[in-house]
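What follows is a single structure, written as structure tokens, with notes after it.
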Amino acid sequence: MDRLDFNGKEYNPETLALGYGYDAAFSEGAVKPPVFLTSTFQFKSAMDGKKFFELAYGLREKEENEDIGLIYSRINNPNLQIFEERIAAWDKTEEGAVFASGMAAIMTSIFCHAQPGDTIISSAPVYGGTHYLFEHILPKYKINVVQIAAGENLVSGILDKAKEIGEDKIKMLYLETPANPSNKMVDIEAISKASKEIAKKGGQDKVLVAVDNTFLGPVFQRPALFGADLVIYSATKFIGGHSDLIAGVVTGSKELIKPIKDFRTIFGTMANPFTGWMLLRSLETLSIRMRRQAKNAVKLAELLQEHPKVKRVMFPTLFEKGSRQREIFEKQCTGPGSLIAFEIDGGEEKAFKLLDSFKVFRLAVSLGGTESLVEHPMTMTHSDVDPAELETYGVTAGVIRMSVGIEHSSDLKRDVEQALDQI
Ligand SMILES: Cc1ncc(COP(=O)(O)O)c(C=O)c1O
């Protein structure tokens, strides 16, 4: 199946997820792509082997209609390639690269596109692992990261910071939207515009905009449509969707993804073929799962909002009408996702009591799986971030994060009510 139909119109991603990028004739007519558990591939001739390597190492340009053949599973593998084509189509981008984890995708993309002396300006807060990479690892390689709180002043904050550091030093603007766990949104289009302004002032061709789209994408948010250059995911979350694998992915233009794949080949950060096969299975139900999860989450967010023991709920459908956050949500997203953060009185002690009282929700980090999970950001996912800094993002010791699954909504509702009754 091709990406475009006979009239040149692109099929919808839900349809492409079932057939695009796979020709059953190459696999004995199997309707589903088999799992290609092989480290290496047999060449038809020595000349083929030579030609494939020339392309893999960029020793010559591709001839018309020439595809790089299969060589070795650190370079390419059918399960990974089919998944990459399908996820790129979903994001409305040209190409994808799949990785052993979300962190591998983030790390490989940054090391590929940033060099010693460069500065990355990032929205804050970001996922704890990304925060650690920014604070403790990139500085060792003289890649400087400046973090600015997501919110109304982010664009002006980025422009001012770029001026202070020198626009020519800015290599990338890195965003996580919605922010984890506060659900604070960043206007991707406005940041893309700012990146062009910085590039112009700094005399650079481009300042890249990279967006961690793990929370809403690709079903409810497609950053490339708003000017993002790199769309990054922890595929461990919604894309994998069953809490049974670890993977990551980045999509973008061929020009930007090709060098990332070259770094991946040398770093060895690719996903394994079985994970690629699992991701293909998961992609088929992604839209159904995410929509059901969001539907459950909307109901729970409303219940929490009304509950006397809950002080504050952070969830997109509850953003105040007419507010800037609401405006960004309505412009950029087609659904709210299923991550809810809410605050109760009584700090860590009460929060832990509540967490220990759930019966259907499981007490675990991670998110986006079919089962509902709860966790305590301050002492778990975000424990590397200074608590005082976290509080400035609205993440206090009384904040709990929920990842809502596909269970029956009435059971989830009863579970939340009975847990809140315990505190
Ligand atoms: C928003 C976000 N980005 C990236 C990551 C890292 O992904 P992984 O655990 O697959 O390496 C996570 C993991 O929790 C995440 O929540």
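Taken together, the values in this text are just the output of simple stated rules run on the coordinates, not laboratory data. Model, not experiment: these values are computed from the prediction. Here the Cβ is made from the backbone with ideal geometry for all residues, glycine too, and neighbour counts use every protein chain on show.
Quick notes on this structure:
- Taking amide H as placed 1.01 Å from N in the peptide plane, Ala247 has its amide H under 5 Å from the amide H of Gly102, Ala235, Thr236, each at least 5 places away in sequence or on another chain.
- Inverting the pair-averaged 1/r between distinct Cα atoms of the chain gives 22.4 Å as its Kirkwood hydrodynamic radius.
- Candidates Ala46, Ala89, Ala210, ranked by Gaussian network fluctuation over the chain, Cα under 10 Å, top entry: Ala46
- When the Cα convex hull of segment 115-215 is projected onto planes of every orientation, the mean area is 5.8 nm².
- Gaussian network model of the chain, springs between alpha carbon atoms under 10 Å - residue of Tyr233, Tyr174, Tyr132 with greatest fluctuation: Tyr132
- DSSP beta bridge pairing in the chain, given as percent antiparallel to the nearest 5: 55 percent
- Two-site FRET efficiency, Ser323 against Asp23, from Cβ-Cβ distance with R₀ of 41 Å, rounded to 0.05: 0.25
- For a straight C-alpha distance cut-off of 15 angstrom, the aspartates and glutamates reachable from Lys161 (same-chain residues fewer than eight places away being disregarded) are Asp118, Glu197.
- Estimated 222 nm signal from helices in the chain, with DSSP H stretches of n ≥ 4 weighted -39500 (n - 2.57), rounded to 500: -12000 deg cm²/dmol
- Projected label points at Tyr132 and Ile68, each 7 Å from Cα along the beta carbon direction, are separated by 3.0 nanometres.
- In this label model, Val365 and Asp421 are separated by 3.3 nm, measuring between points 7 Å along each Cα→Cβ vector.
- Too-long pairs where the Cα-Cα distance tops 18 Å, listed order kept, from Lys171/Lys196; Lys32/Lys261; Lys299/Lys331: Lys32/Lys261; Lys299/Lys331
- Packing-based order for 3-15, 152-164, using average beta carbon neighbours within 10 Å, highest first: 152-164, 3-15
- Within a Gaussian network of the chain (alpha carbon springs, distance under 10 Å), most fluctuating of Phe361, Phe41, Phe274: Phe41
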